[in-house]
Every structure is written in structure tokens, then in C-alpha cells.
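Down below is the structure, laid out as C-alpha cells.
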Amino acid sequence: MTPKRTTSPRSRAAARTAIVTAVSQPHLGDPMRRLLALALLSAPVAIGAAGVPVAHADGDHSTRVMLLVDASASMSGQTGGGITRMEAASRAVSGAAARLGPREEVGLQVYGSGQAAGCDDTRVLLAPRVGTEAKLRDALVPSSPPASRGESPLGPALQRAGEALGSRGPRAIVLVAHGAPTCDPDPVVAAAQLTASDPDLRIHVIGVDVTGAQRDTLRRVAAAGDGVYRDAHGAAALAEAVDGTLTRATQVFLGGGIPAAGGDSAAESTEVRSGTWFDTLGAQGTGHAEGWFVFERVLAESTLHVHASVRIPEDPAHVGDEVGLEIEAFAGERSCGSATARGTASTDAIVSAYLPVPDLADGDEGCRDARRLGVVVRRTDQAGVPALPVEMYAAEEAPAPDEPLTPVAADGEGARVALISPGAVQAGAPTFAQAPELAEGAHRGLIVPGETQVFRVPVGWGQRLGAAVQFPAGEGVTGSIRVISPNRAGVVDQQETSAGSVEVHTPTVAYGNRTSSTASVAAANVAGDYYVLVSASAADTMSRAEVPFVLGVAVSGKEQPRPAYRGALVPSAETGTGTASEATDGGKARIGWIAALAVVFGLGAGAAAWFGTRRS
């Protein structure tokens, strides 16, 4: 059976969408499609050089969010910064709205504003729809807050927010509150009822200048709503809290890149190219537990790096259940290796598996020379944890036959990573595709126990990455850090600390490292974005309140020239040749296509990137 082909009708990058679509057109000859695939391979290099992330989560997927703001009389009191709490809330919402993406669905609701009688005093100012960011900036009017009639109907307001968000897809309520609730139902009960049978809904809470019983009530609302609680004392802290919580609320693991449902068998494999895509897989015995794909090599004797990751959601119904992933590759009937990974549910952890084809140290010639490689990604756990989106990544790396295959010895332990004078809070991502780039230096962060956040740091050939994380002592939190390579291989295994800081260093990045018998050295074989994963854990009884941390990163060493990547095109099924003439012969139409692609992606300045997948 002919493999299914996939296109990306909704990708953010229109130019890349055009290439993916063109590559998949059945009327194009095989050489033409492979030339386009070459251009697609080089596109991340040109895009990365322009300062745009190489991979990004598909922009059509987000969490629908309702900002629920306390507008009762208590919000007219003064807060730090010399303004009222309501003025501070207005500025915080306006600032956060300015940073929303064009596809975020965020609405605004207030309660206790005096616009309705008693416990019915709650109203939706903006429904959660795409394109509300401009209206959100001016939706809260702080200069003349309406006089309150004395009620603070938080419970009814939560119920109304739940109704406004609907019942489908990922949703979140972000509550900004100061006053004590005065109406039934109890807001803790209301939050629990909203989320009891709806794992897609979370309720996050920001307590504005609260202490004692008020703070305890709001913390319990967040816990009942499977969300995160955060304190905000003063205008600056409130602005940071609203921005950070809204960022957290709109992040959702739906995989990065192109939606691509894998086939149910090898005969029904979905054809994919280099890049990032995602499929939704269930546990064994529950339907679509594995996805079959076929990857057609563009470059002869290349190495295919395949990675799959899944974020295990926090779900009290599946505490202790395991989630497993397996990647297996084939060249026809020949096995080209497999990789597995497992994690425990209800930790918001990321399970990550990586497989190079062929094996880097002792490559199988049959797997190295095969024109088409089959890849299956499967869930290995039994029925329990429901279907989850799995992010998959593939990169084709050309051979560098003239490069020495001798691992580079690390020069000492690496320079100390500074954790002083951290900058503004940097929100980590729930996926590799969404990971924000960190500049060298120290950065503040906030994390919930049980969570993993992903960051990325560019590291060149001949350089080393140092990373350190510091958690506050006495909080009962164990923090950890690990590093993963651009090809998604584990470079530094998870290192933990229960007090103070922990620091890690990668080996020096070198092509020859791939032959090392030490896994951490072998993984540091390519330059590019190295991923730093920060996790935190605590006793099960601890509240889901955010814990501050400081993350420092430093890159040392003089950057070296990139390896001499070389490669010929894989022999074509149509012409039987894979020489460079395939890129130069074939008429003016083909030359025109190549020229157009060169203009779009800037290939004229980086033609060498055709034979390598990483920027130097």
C-alpha cells in the first residue's frame, strides 16, 4: 500500500507550509520532490539565522482562558506602588494582553462590581475568543471602579466562568482576588465541582495582598481546581503574577509542528519529512496505541535522529500509573534498533526517547544505505492513562567522512556558572518545540512541584554548556536539572538537589564524540540548541503553589568551524542516479523552483547547509 502523505495547511510559517505541500504533491516527479525536501532540510538553518525559533508549537492550538477579576470594594484599597489594587489589576491585565499571541483565546470577567444585585453580581466583559488581545488592554477601567453593593460572589463567578468557557478542549480560569467570598456556593466546592469530571479544566489563583484565612481559602480554591496558587503583594508583583500565570494557562502540550496521524500498520505508514510533528496515542488496548511512519532519505548514508516525547498530565485518577514510549526503526524487514522511556503519571513530567538510525558507534550498513526507513512510535503502557499527544522529531544528518572520529576530552570541570543578579522571570515551556531561548547569565523562574520546564541554549562546535539551578532551602522541594542535545539525546542525566544549588556541564561539542563509549560524551556530537530541563518534586501533601528558582547558563570555549559535511542525493527511483547533476539538470522549470526557494529561505548565502542539519 502507498504510504499516506501529510501536509500542513495550518502551519505558522507560510513559506514552510508551501514547501511541505509542494513536497507532498503526487504530480511532482521523484527528483523534484527530493529537491524540495532538500530545501526543507535547510530551511531551519536559514530561519534560525533570522532569529526565529527553528521549531514552534502549532499556533492553532491553545488553552481557552477566562481572566476572572475581583472588582469588589476591597480592590479599591491601596497596594504597593502607590495605586489601588484595581488599578494594579488593570495595568497587569493590559500588560499581559500585549504579549498574547494572535491565536490565544482569552476572555475577561469581573465580579462584585456593583452592576447587579447581591450574589448575581458577575458579568463577562469579553468572551474568550481569538483576537481579544487589543480589547483586553482597555477592558478594565481602573480610574472609576463602580461602587460595590457589598457582596463578593466568588462561587457564582466561578460557575459562570466555567459556563462561558464551554466544555470542549483545554480550558483554564485565572482568578485574581482579594476579598473574602460572601455568597454560596463555597468557592472551594464550586472549583471542585467544575474540575471533578473535567481533566481539561484548570483553575489558577492569584491572591492580591492576602494573608491568613483569605489566603488559605484561595489556596484551597486552586488545589480544588487542579491549578496553581500564587501570591502577589504590590503592583509590580501582581503584573508579574498575571503575566506568568496567563503564560502557564495558555501553554498546552499538543505537540509541536505538523499534525500527522501515524498509520495503524507498516503497510499504512504515513510519510514524513525532517522536522517536528505530533500524533495522539492511547495506551495499549485502547485503540490508536502506535503510529507507523516512513521516512525517505534525501542524502545517501545519512543518520536519521528520531525523538519522541510525551508530557504526563497531572490526574488524581491515575496517581502512580506509568506511561511508556518506544521508538523502533526498520529498513524493510531489518530492525534498525529501538529506544524506550517510562515515567509515572500525575507528575507533569516529560518522558523522552531518542533513537539514531543507524547506531552512531556501530552502524548497520543495511540501515545506513536504505532509501526508506520505517519508524513506529508506540505507547507501551497498559490501559489507564488516557490518550496523550506525542511530539515527534526527525532530523537527517549528512555524513562527514573526513572528520576524525576521536572523542574530544573535556578541558577540566568547566567554568563556574553564576547565579547572582538574576533577571526577570523567564517562563519555561512544556515541550521541546516551544522552549524559549536563554541568554547567558542568571534567570528567575517559578515552578510547581511535579512539573518540568524546558529551555534552550545555543552551543557551537568546540563549546561547552554549563547550567546550574538553585532552589530555596527549607521549602521541602527537591529540584533537578538535565541537558538534552539538539538531536534530543540525553547529555547530562538528571541531577538533584534538596537544598542550595546543583551545577552540570556538557562535554565539549565535537563530531567525533559519537564514537565514545560514554553515553554523555557520545550525545554531545552536534552543535545547535541544547535543551535544559528543570524539574521540581515535593511531598504529595504539599500545596500546588509555585516555587521560585534561579537558573544560570554559560557557554565556554572558542567556537570551531563546522565539520566537513558531505553528501550525495539518494539514488532516485525514477532516474536511478543520485549525483549532483540532479540538482542542476532537468530544465528551466526546475531551476526556477530552486531559485525561488533560495530567495525565500536565503539559501544563496548558506548552500552548504544542504548537506548538514545544524547551523555552525
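The values are calculated or read from the model by the stated rules, or taken from the named source; none is laboratory data. No experiment lies behind these values; they were computed from the predicted model shown. All Cβ positions, even for glycine, are placed from backbone atoms using ideal geometry, and neighbour counts span all protein chains on display. Remember, those area values only see protein heavy atoms, side chains included, never the ligands or the DNA or RNA. Shrake-Rupley method; radii C 1.70, N 1.55, O 1.52, S 1.80 Å.
Remarks
- Gyration tensor verdict on segment 158-296 (Cα atoms; rounded if a/c is under 1.5, prolate if a/b is larger than b/c, oblate otherwise): prolate
- A probe of 1.4 angstrom, applied to the heavy atoms of all protein chains, finds Tyr565 with accessible area near 30 square angstrom.
- Max-minus-min Cα coordinates of segment 64-252 on each principal axis give 39, 35, 29 Å, with the largest extent listed first.
- When the alpha carbon gyration tensor of segment 432-556 is reduced to an equivalent ellipsoid, its three semi-axes come out at 27, 14, 12 angstrom, largest first.
- Across the protein chains, with a 1.4 Å probe defining accessible surface, the residues Asp279, Asp402, Asp209, Asp138 rank Asp138, Asp402, Asp209, Asp279 from largest area downward.
- The portion of the accessible surface of segment 411-498 made up by carbon and sulfur, rounded to a whole percent, is 43 (1.4 Å probe; DNA, RNA and ligands excluded).
- Computed with a 1.4 Å probe over protein heavy atoms only, the accessible area of Cys119 comes to about 50 Å².
- Annotation note: GluC sites (Glu not before Pro) in segment 300-407 located in DSSP loop regions with a Cβ neighbour count of at most 13 within 10 Å are Glu333.
- Rounded to 5, the percent of DSSP beta bridges in segment 62-134 classed as antiparallel: 55
- Note on Arg371 and Glu559: the extension gain reaches 64.3 nm, defined as 0.36 nm multiplied by sequence separation minus the Cα-Cα distance.
- Farthest positive-ward along segment 432-556 dipole, Cα basis, beta-carbon charges - from Gly460, Val502, Gly450: Gly460
- For Gly227, the amide hydrogen comes within under 5 Å of the amide hydrogens of Ile203, counting only partners 5 or more places away or on other chains and with H modelled in the peptide plane.
- Three principal axis lengths of segment 258-397 [C-alpha, angstrom, descending]: 49, 30, 25
- With all protein chains modelled, accessible area of Val504 [1.4 Å, Å²]: 10
- Heavy-atom accessible area ranking, 1.4 Å probe, most first, across Ser485, Ser556, Ser167: Ser167, Ser556, Ser485
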